[in-house]
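Undergrad: Before anything else, here's the structure in question.
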Amino acid sequence: MDFCMKSAETPDYAVILWDNDGVLVDTERLYFQATREAFARVGVDLTEKLFLEYFLLQSEGTSKFGLANGLSETGIAELRLVRDKRYQQLLRQEQIMIDGVRDTLEMLRPHFVMGIVTSSLRRHFETIHSRTSLLELFDFTITREDYVDAKPAPDPYLSAIARSGYPADRCLAIEDSPRGLIAARAAGLDCWVIPTDLTRRAAFTGATRVLERISEVPPLLLDAKHLRS
């Protein structure tokens, strides 16, 4: 699936900005499960196709999907509480580690500034990484509380660029969803995409590369650094 650049043409990135859910941890499927179960309680079927459309292409998916299915603002707020409680439960009990992630991060850590840029609320993010020990490999994290508008708006990545101390052309975003790609590109970033089972059928127009797995990242970036040295 890789396209666009060969490693010799890879820019001189100094910063890698990682999406969290679906890229570093296998939690997107759990969020889908919790959300689907919550909507099922009120008789609404949230399919994978609808989840992609409302949640992985847009922001405020719960509100938009709820309103489209006749729920009131109060009903949506109650549903969100049910969903969040179930999501926290799943985060604590289900396997969330993705093969190759830690090895990838450890290979890249000495060579790049690295940050996480997520749409997750801080409380969910902290629950996730209380189980991973991955945060020691990052210089900073950007969660939903750290910016105004969520992906696909550029705000999360603009905040991350400012935090990194480097210009946008020295930063690379790594995403798994269309809305993350749109956000990264709107912030002026190159973006490599690693699709998940939920996003694999999406179009990733504008991606600099589309990869199969996270373990493909270090050879591409480190080979490029070697060629420039």
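The values are calculated or read from the model by the stated rules, or taken from the named source; none is laboratory data. In this text, all values refer to a predicted model and were calculated from it rather than measured experimentally. Backbone-built Cβ (ideal geometry, glycine too); neighbour counts: all protein chains shown.
Undergrad: Can Ser59 be described as over 30 Å from Glu9 (Cβ atoms), in contact with a Lys or Arg (Cβ under 6 Å, 6 or more places away or on another chain) and touching a residue at least 60 places away in the same chain (Cβ under 8 Å)?
TA: Here the answer is no, as Ser59 does not meet what is asked.
Undergrad: Let me ask you something else. Tell me, which residue of the stretch 209-223 that is in a helix (DSSP H, G or I) and among the charged types (D, E, K, R) is modelled with the lowest pLDDT?
TA: By that ranking, first place goes to Asp223.
Undergrad: Might you let me know whether the stretch 121-137 holds any residue that is on the phi > 0 side of the Ramachandran plot and surrounded by fewer than 19 Cβ atoms within 10 Å (Cβ to Cβ)?
TA: yes
Undergrad: Being in contact (Cβ under 8 Å) with a residue 24 or more places away in the chain and either assigned to a helix (DSSP H, G or I) or buried (at least 17 other Cβ atoms within 10 Å of the Cβ) (or both) is the filter here; which residues of the stretch 67-76 pass it?
TA: Scanning the stretch 67-76 gives Leu71, Gly75.
Undergrad: Let me ask another. Here are Leu46, Leu79, Leu105, Leu56: which of them is under 26 Å from Val217 (Cα atoms), outside the structural domain of Arg201 (by TED's automatic domain parsing), surrounded by 19 or more Cβ atoms within 10 Å (Cβ to Cβ) and in contact with a helix residue (DSSP H, G or I) (Cβ under 7 Å, 6 or more places away or on another chain)?
TA: Every option except Leu56 fails the conditions.
Undergrad: Any residue that is within 22 Å of Pro219 (Cα to Cα) and not hydroxyl-bearing (Ser, Thr, Tyr) - is there at least one of those in the stretch 116-127?
TA: Looking for residues that are within 22 Å of Pro219 (Cα to Cα) and not hydroxyl-bearing (Ser, Thr, Tyr), one finds at least one in the stretch 116-127, hence yes.
Undergrad: Could you grab me the full set of residues in the stretch 196-216 that are surrounded by 22 or more Cβ atoms within 10 Å (Cβ to Cβ) and within 18 Å of Thr47 (Cα to Cα)?
TA: Answer for the stretch 196-216, where residues must be surrounded by 22 or more Cβ atoms within 10 Å (Cβ to Cβ) and within 18 Å of Thr47 (Cα to Cα): just Thr199.
Undergrad: Restrict the check to the stretch 172-182 and report whether at least one residue is in the same structural domain as Ile16 (by TED's automatic domain parsing) and farther than 24 Å from Arg29 by Cβ.
TA: The answer is yes, given that some residue of the stretch 172-182 is in the same structural domain as Ile16 (by TED's automatic domain parsing) and farther than 24 Å from Arg29 by Cβ.
Undergrad: Here is a follow-up. Given the conditions (1) buried (at least 16 other Cβ atoms within 10 Å of the Cβ); (2) among the β-branched types (Val, Ile, Thr); (3) farther than 12 Å from Trp18 by Cβ, report the number of the one that Val148 does not fulfil.
TA: (1)
Undergrad: Here's something else I'd like to know. Pull up the stretch 67-117, narrow it to residues that are among the β-branched types (Val, Ile, Thr) and more than 19 Å from the chain's Cα centre (by Cα), then point me to the one that is farthest from Leu50 (Cα to Cα).
TA: Within the stretch 67-117, the match that is farthest from Leu50 (Cα to Cα) is Thr74.
Undergrad: Taking Val42 as meeting all but one of (1) touching a residue at least 12 places away in the same chain (Cβ under 8 Å); (2) closer than 19 Å to Pro178 by Cβ, write down the number of the exception.
TA: Of (1) touching a residue at least 12 places away in the same chain (Cβ under 8 Å); (2) closer than 19 Å to Pro178 by Cβ, only one is false for Val42: (2).
Undergrad: Further, regarding this structure: How about the stretch 100-132: which of its residues are more than 22 Å from Arg80 (Cα to Cα) and either among the aliphatic types (A, V, I, L, M) or modelled with pLDDT under 95 (or both)?
TA: Val101, Leu105, Met107, Leu108, Val113, Met114, Ile116, Val117, Arg131
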